[in-house]
Amino acid sequence: QVQLVESGGGLVQPGGSLRLSCAASGSIFSLYRMAWYRLAAGNERELVAEISSGGSTNYADSLKGRFTISRDNPKNTMYLQMNSLKPVDTALYSCYAVVNSRTFWGQGTQVTVSS
């Protein structure tokens, strides 16, 4: 059984920063692509950023320069550093990972950007 657990969400003022974490646990033999998605009210789920096992990254065009994805392979953990947050970044942020050639999702962590 594999679990993905996100943490680090919360309420932050516009212009602030948050760092999200996604920890994979369980019977992990191989951890491939990992990604962050977000779902905002009234919108479709969108890809925020993704990172390969080798560290190659890809970002949503609108988020380049503000968000940084990274991962710690020995810890099976992925991070998302979010800077200069805006109210439009308010959403449920979910972790996605390909583990042992299967896909898994975390339950998500809420990020609310508001003054």
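The values are calculated or read from the model by the stated rules, or taken from the named source; none is laboratory data. Just so it is clear, the model here is predicted, and its values are computed rather than measured. So basically every Cβ, Gly included, is an ideal-geometry build from the backbone, and we count neighbours across all protein chains shown. Keep in mind that these areas ignore ligands, DNA and RNA; they rest on the heavy atoms of the full protein, side chains included. Shrake-Rupley method; radii C 1.70, N 1.55, O 1.52, S 1.80 Å.
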Accessible solvent surface per residue of the chain, calculated while the other protein chains remain in place, 1.4 angstrom probe, Å²: 53
Local electrostatic count at residue 110 - Lys and Arg +1, Asp and Glu -1, tallied over other residues with Cβ under 13 Å: -1
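Determine the share of the chain's accessible area contributed by carbon and sulfur atoms, expressed in whole percent, with a 1.4 angstrom probe. Please list the in-between numbers first.
Details: 2800 of 6110 Å².
Reported share for carbon and sulfur atoms: 46 percent.
What percent antiparallel are the DSSP beta bridges of the chain, to the nearest 5? Each step should come with its number before you reach the end.
Details: 40 of 44 bridges.
Beta bridges within the chain, antiparallel portion: roughly 90 percent.
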Largest-first principal axis extents of the Cα set of region 9-103 (Å): 40, 25, 24
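Out of region 1-58, which chymotrypsin sites (Phe, Trp or Tyr not before Pro) are coil in DSSP terms and have no more than 12 other C-beta atoms within 10 Å? Write out the running numbers ahead of the final one.
Values: sites: 29, 32, 36, 37; in loops: 29.
Passing sites in region 1-58 are 29.
With +1 assigned to the C-beta of every Lys and Arg and -1 to the C-beta of every Asp and Glu, and no other charges, what is the dipole magnitude of the chain about the Cα centre in debye, to the nearest 20? If you can, show how the numbers build up before the last one.
Working: 10 positive and 7 negative charges, 29 e Å.
Dipole magnitude for the chain comes out near 140 debye.
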Residue among 72, 61, 89 with the largest mean-square fluctuation in a Gaussian network model of the chain, springs linking Cα atoms under 10 Å: 61
Qualifying GluC sites (Glu not before Pro) in region 26-99, DSSP loop, other Cβ atoms within 10 Å at most 12: 44
Relative contact order %, the chain, counting alpha carbon pairs below 8 Å whose residues are six or more apart: 38
